[in-house]
Structure formats: C-alpha cells, structure tokens
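Okay, so here's the structure we're looking at.
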Amino acid sequence: MALATVRQLLDHAAENGYGIPAFNVNNMEQTQAIMEAAAATDSPVIMQASAGARSYAGEAFLRALMGAATETWPHIPIAVHLDHGSSPTTCQSAVDAGFTSVMMDGSLLEDGKTPSPFEYNIQATRAVVEAAHSVGVSVEGELGVLGSLETGEAGEEDGVGAKGKLTREQMLTDPDQAAGFVAATGVDALAVAIGTSHGAYKFTKRPTGEVLAIDRIKEIHAKLPNTHLVMHGSSSVPQELLAIIREYGGEMKETYGVPVEELQESIRHGVRKINIDTDIRLAMTGAIRRALATDPSQFDPRGYLKEARSAAKELCILRYEQFGAAGHASRIEVIPLEEMADLYAGGRLV
Ligand code: 13P
C-alpha cells in the first residue's frame, strides 16, 4: 500500500470525530510496537521522526523502517511525518527522503530556540506549503510557543525548544492570529500552544485549567472549525510507568502529564493529531529496567528489547482506543501523493 498523507488521515478523523496519536519513532522496536498496536486495533498510523531521530538512526535506516512497515502491514494506512522541521531546507530534505508530511515549526527561528516574529513564521511556512503541496505532501504549521504555563519554560524535543523565560501571551496561541495564519499559509494542520511542553516534566501537580488551557482550544476551534488542530507535548506521563522505573532503580522526580480525559475533550473540539513521544520512552525504559533487574544474568538484547517493545505496544493500543482511532484503518483507502497534488492544484483541499 502507498503511504498516506497526514492530511488525508486527519480529514478522515475529522469526518468521523476521532483523534490520531502521532508517535515518534527512532528505531525498529518502536516502529514495530506502533504497527503491531495499530494492526491489533485496526487504527490508522502517523509515525513521526524529529531531526534528532534522523541523526540517531540515519536517513537510510528510517527509510528502511518505513518500507518494512508498509510491506509488513499493507492493509494499514501509514503517514510518515517530519516532526519540528526548523527550516524550509530541512522540510525539503524530508520530502526528498520520502516523508509524506512535514512540520514547519516557524514559531521558532532556525536555531530551534528563539521565538520568531509572526511575519517570519508566515513566510517560512508558506514557502514549505508551496513546495510540499506541489508533490502532494501535507504540512503542519505551529503558532504560539510550546512552554509550561507553570514555569514559563519550554521542554525540549530532541534539541528543539525555546530558551529562556516565555510570557503567558507567547505560550497561548491567539485565536484571531491563528485564523490569519491559516489563511496566509494554507497549512493542512495547525499546532497550537496551550501550556503543554515536551518531555516528562510538564506539571508539578495534576493540571488545572490555569496551566493547561483546554478552553483556548475551544476558542481556536470556534474560529477555525475546518482546520485540523495538533497538540504537542501530549504524553500523559502515567504514574504507573514512573513507579516501575523508580521500583527498578530509576530516578524520576514527581511529575504529571496531560490527563487522557483532557486529550479526549480536545478531540471533541477539533484536535485531530496528538503527539506522543515521552510515554513510549517511559514504557520502554521501565520494561528494560525491570527485565534486567529481574534477571541480572540476561545479556541478550533481544530479551529486554522484546519486553520494551511489548510495553510500548500496550501503551499504543490504549491510546488508539482512547482517542477513537481504533476500527478506522480498514475504512480508509489511501490516496496516492500524485492525486493529492492534483487535489491541491485544483483548489479542492483548502
Ligand atoms: P511528549 O514529550 O509529551 O511525548 O510530546 C512529544 C511531542 O510533542 C513531539 O512533537
């Protein structure tokens, strides 16, 4: 089966009122966990790789993993997405490498650390949209800077994250500006800032509306009812995963993520793509620690990596079900990139 685009999958999700978890991948075990979970639940897949993943695994290995996923699970629609592209050049290199969707994160300058002016964001994102749509590839933009409303600081996703203190205003996407941004750029999906941040340390206590502004999503969705919204920093940081890591010698400070009920509430208000990386890391780390501690004589990586893969798979199954994506893969017929390019050129995808 051909690879799907994120745009196509999010259109289907919007028509049917569900959300799709977008999981970050860096290696074979994560790819297999995501795919096995999708196959078990009949869910469409969005796999994403950050610049960090591309330098960790290397372009050729990531391409091979995508190829292996489509070959092994031909009946599952899979979109392969670049997470946090920091410049039009990086996005273009992902398109050339076969990604079917890219994120141009123009909320920060090319250094991936400095909040950018609105005009820069529009211009960089617009350039990526023009190039990507001409070959059928879809584009996610971002408006507002990801960061914790508790601390005013951003977490990092593989080196990308604002440095220094951010204002509350910077960390909350403005609904009017969002409408202007979508009209000026033509993005397929918009990542919004509502107080979530990357990584395990999002909130020091279970978040309230003060620090996790779900109401802001509702306001943006009211202005932009036809735009697919994206939530970054959406790991729930399950307490039971933290407990496993601690039990087997790991050090994790007290921390809370985004409760699944809040993610489900966001899905009811236009969020279609929900980015998750940390929860998979926690699940795998806990499983590896437990496997090695339980059997200290173990030295075959296949033993503990199998445990890690199945812990990640369990997590993915849960999220596919909780977000309502389960049961939809078999209802989607993949539209090839050439056809998507024609649809964009004919003005039929706005
Ligand atoms: P988490 O760190 O919450 O998993 O977020 C990942 C993410 O948003 C990737 O873009």
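Some points to look at:
- Summed over the stretch 319-336, residues that are assigned to a helix (DSSP H, G or I) and surrounded by 18 or more Cβ atoms within 10 Å (Cβ to Cβ) total 4.
- Some residue of the stretch 165-181 being assigned to a loop (DSSP other than H, G, I, E, B) and within 16 Å of the ligand (Cβ to nearest atom): yes
- For ARG168, the conditions (1) surrounded by fewer than 23 Cβ atoms within 10 Å (Cβ to Cβ); (2) touching a residue at least 40 places away in the same chain (Cβ under 8 Å); (3) under 28 Å from ARG206 (Cα atoms) all hold with the exception of (2).
- Positions within the stretch 1-26 being assigned to a loop (DSSP other than H, G, I, E, B), open to solvent by 10 Å² or more (accessible area, probe 1.4 Å) and away from the ligand (no atom under 16 Å from the Cβ), in sequence order: MET1, ALA2, LEU3, GLY17
- Residue in the stretch 223-236 that is among the charged types (D, E, K, R) and either out of contact with any strand residue (DSSP E or B) (no Cβ under 9 Å at 6 or more places or on another chain) or under 25 Å from TYR344 (Cβ atoms) (or both) present: yes
- Verdict on SER148 being surrounded by 17 or more Cβ atoms within 10 Å (Cβ to Cβ), over 24 Å from TYR320 (Cα atoms) and touching a Lys or Arg at 6+ places or on another chain (Cβ under 8 Å): yes
- Check on GLY106, under 20 Å from the mean Cα position of the chain (by Cα), at pLDDT 95 or above, part of a strand (DSSP E or B) and not aliphatic (A, V, I, L, M): no
- ASP83 vs. criteria part of a strand (DSSP E or B) and of a type in the set (Asp, Glu): yes
- The lone criterion from (1) assigned to a loop (DSSP other than H, G, I, E, B); (2) out of contact with any Lys or Arg (no Cβ under 9 Å at 6 or more places or on another chain) left unmet by GLY98 is number (2).
The values are calculated or read from the model by the stated rules, or taken from the named source; none is laboratory data. What you are looking at is a predicted structure, and each value in this text was computed from that prediction instead of being measured. For neighbour counting, all protein chains shown are included, and Cβ atoms are generated from backbone atoms with ideal geometry for every residue, glycine included. Remember, those area values only see protein heavy atoms, side chains included, never the ligands or the DNA or RNA. Shrake-Rupley method; radii C 1.70, N 1.55, O 1.52, S 1.80 Å.
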